[in-house]
Amino acid sequence: MRRPVIAGNWKMHMTCAQAREFMAAFLPLVADMPNDRDLVLAPPFTALSTMAELCKNSPVALSSQNVHWEGSGAFTGEISPSMLKEHGVTYTIVGHSEPRKYFSESDEQINHRARSSQANGLIPIVCVGESDEQRERGEAERVIRRQIEQGLEGLDADLLVVAYEPIWAIGTGKTCEAAEANRICGLIRSWVGSPDLVIQYGGSVKGGNIDELMGMSDIDGVLVGGASLQPDGFARIANYNVA
């Protein structure tokens, strides 16, 4: 049985003070959240210690926004699995479209990050997705399949989350139609060959479309950006209701 994962990626937002303010408003709103789903927040590295304290005895698990594949070393600006675990982190986001775009992260590097996560007891959330131009050229499925085959090589599908995030729908206000997102998620599951693989959708997810998305047969959660920065908005997403 696939257990949905509702994750919020704060990206480069939220100071420690802002994180405290957010959690003070947010936690009461998810106190009665159904226990059939997992709730995750990915703050910036600087807020991890604060968030670890705030998340104690709450339904919120912590994720990092990236992780390095080495345990230590001369890797300026990077962070190791042991550093993350010290702060109670249980998930790591890897392969997000922004590091892919701005820092030229390759599928091979993403695979190293995901493998390191699993080897150290962390669950990677591996992001895949096509650009607007790739979709227009009819290359969406080929691009995503390549990302899956190279990025997921050697990973344990039982300790993994895949997030399908069409790049053209991230932060643009455009949302992939629920039926199309569901179709792609189904293809990913078939390519990986694991019926129990948890697959999220990400891309302009909000309170107005969460129920429809979560009602789809192959969507097992969401990876939320902007809408996770508002306590009431993200609480609505976390408390989704599928009729």
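The values are calculated or read from the model by the stated rules, or taken from the named source; none is laboratory data. What you see is a predicted model, and the numbers here were worked out from it, not measured in a lab. Cβ placement follows ideal geometry from the backbone for every residue including glycine, while neighbour counts extend to all protein chains displayed. For the accessible areas, the whole protein counts, side chains as well, though only heavy atoms, and no ligand, DNA or RNA atoms are used. Shrake-Rupley method; radii C 1.70, N 1.55, O 1.52, S 1.80 Å.
Some points to look at:
- Total residues in segment 161-193, condition open to solvent by less than 20 Å² (accessible area, probe 1.4 Å), in a loop (DSSP other than H, G, I, E, B) and either among the aromatic types (Phe, Trp, Tyr) or touching a residue at least 40 places away in the same chain (Cβ under 8 Å) (or both): 1
- Neighbours by Cβ (under 8 Å, 6+ apart or cross-chain): first from segment 206-219, under 17 Å from residue 189 (Cβ atoms); second among the polar types (S, T, N, Q): 216/182; 217/182; 218/182; 219/182; 219/200
- Close pairs (9 angstrom Cβ cut-off, 6 or more residues apart or separate chains): free of Cβ contacts under 8 Å to residues at least 24 places away in the same chain in segment 26-46, open to solvent by less than 10 Å² (accessible area, probe 1.4 Å) and assigned to a helix (DSSP H, G or I) anywhere: 28/235
- Remark: residue 148 falls outside the filter, which requires a residue to be closer than 18 Å to residue 125 by Cβ, in contact (Cβ under 8 Å) with a residue 24 or more places away in the chain and either open to solvent by 60 Å² or more (accessible area, probe 1.4 Å) or in contact with a Ser or Thr (Cβ under 6 Å, 6 or more places away or on another chain) (or both).
- Restricting segment 4-41 to residues that are out of contact with any helix residue (DSSP H, G or I) (no Cβ under 9 Å at 6 or more places or on another chain) and in a loop (DSSP other than H, G, I, E, B), the residue that is nearest to residue 196 (Cα to Cα): 36
- Of 196, 158, 218, all but one fail to be more than 15 Å from the chain's Cα centre (by Cα), buried (at least 19 other Cβ atoms within 10 Å of the Cβ), of a type in the set (Asp, Glu) and more than 14 Å from residue 8 (Cα to Cα); the exception is 218.
- Selection count where residues are surrounded by 14 or more Cβ atoms within 10 Å (Cβ to Cβ) and closer than 22 Å to residue 221 by Cα, scope segment 23-50: 14
- Of the residues making up segment 194-213, those that are assigned to a loop (DSSP other than H, G, I, E, B) and out of contact with any Leu (no Cβ under 9 Å at 6 or more places or on another chain) are 195, 196, 204, 206, 207, 208, 209.
- Restricting 112, 68 to those that are closer than 18 Å to residue 150 by Cα, outside any strand (DSSP E or B), at pLDDT 95 or above and open to solvent by 70 Å² or more (accessible area, probe 1.4 Å) reduces the list to 112.
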